[in-house]
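Q: Right, I'll just put the structure down here and ask away after.
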Amino acid sequence: QVRIVESGGGVVQPGGSLRLSCRASVSGSRFSFGTMGWYRRIPGDQRELVSSISSGGSTTYADSVKGRFTISRDNAKNTVYLQMNNLKPEDTNIYYCNAYLDSQPHWGLGTQVTVSS
């Protein structure tokens, strides 16, 4: 069974920083996950890509977070991180971790990020 666990959300003032973490695992086995990333909700109950990173380290960012967010990963731990700096009120959202295993996407339950003064 695949397990995706996010952490690191919270409440921060505009201009502040947070670091999200997401660990992916498969019970009873040791697998290496493919591309891992972070998504957040948009109207229409959809999710937009915030940032992703391949197992080889190639990264992708949404235009709205370029220069402010940095994604990284520890392949040995199947863990992906999202360093979020200069946070804005419009970054307030639930952030969901996504990890691919054998070309299948797996999702976490999400972690709330609130940017408010």
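The values are calculated or read from the model by the stated rules, or taken from the named source; none is laboratory data. Predicted model, so just to flag it, every value in this text is computed and none were measured. Note that each Cβ is placed from the backbone with ideal geometry, even for glycine, and that neighbours are counted across all protein chains shown. Surface areas here come from the heavy atoms of the whole protein model, side chains and all, with no ligands, DNA or RNA. Shrake-Rupley method; radii C 1.70, N 1.55, O 1.52, S 1.80 Å.
Q: One residue is enough: does the stretch 35-47 have a residue meeting the conditions assigned to a loop (DSSP other than H, G, I, E, B) and surrounded by 14 or more Cβ atoms within 10 Å (Cβ to Cβ)?
A: Yes, the stretch 35-47 contains at least one residue that is assigned to a loop (DSSP other than H, G, I, E, B) and surrounded by 14 or more Cβ atoms within 10 Å (Cβ to Cβ).
Q: Right, something else. Pairs needed: first member in the stretch 92-106, over 17 Å from residue 1 (Cβ atoms); second member anywhere, basic (Lys, Arg) and surrounded by fewer than 17 Cβ atoms within 10 Å (Cβ to Cβ); C-beta distance under 7 Å; at least 6 residues apart or different chains.
A: Final answer for the pair search is 93/41; 94/41.
Q: Now for a separate question. Looking at (1) touching a Phe, Trp or Tyr at 6+ places or on another chain (Cβ under 8 Å); (2) in a loop (DSSP other than H, G, I, E, B), can you tell me which one residue 99 breaks?
A: Among (1) touching a Phe, Trp or Tyr at 6+ places or on another chain (Cβ under 8 Å); (2) in a loop (DSSP other than H, G, I, E, B), residue 99 violates only (2).
Q: Among the residues that make up the stretch 38-54, is at least one of them over 21 Å from residue 4 (Cα atoms) and modelled with pLDDT of 95 or more?
A: No, the stretch 38-54 contains no residue that is over 21 Å from residue 4 (Cα atoms) and modelled with pLDDT of 95 or more.
Q: Quick check: anything in the stretch 53-63 open to solvent by less than 60 Å² (accessible area, probe 1.4 Å), outside any strand (DSSP E or B) and among the aromatic types (Phe, Trp, Tyr)?
A: no
Q: Here's something else I'd like to know. Sort out which residues of the stretch 1-34 are open to solvent by 50 Å² or more (accessible area, probe 1.4 Å) and in a loop (DSSP other than H, G, I, E, B), and write them in order of number.
A: 1, 13, 14, 17, 27, 28, 30, 31, 32
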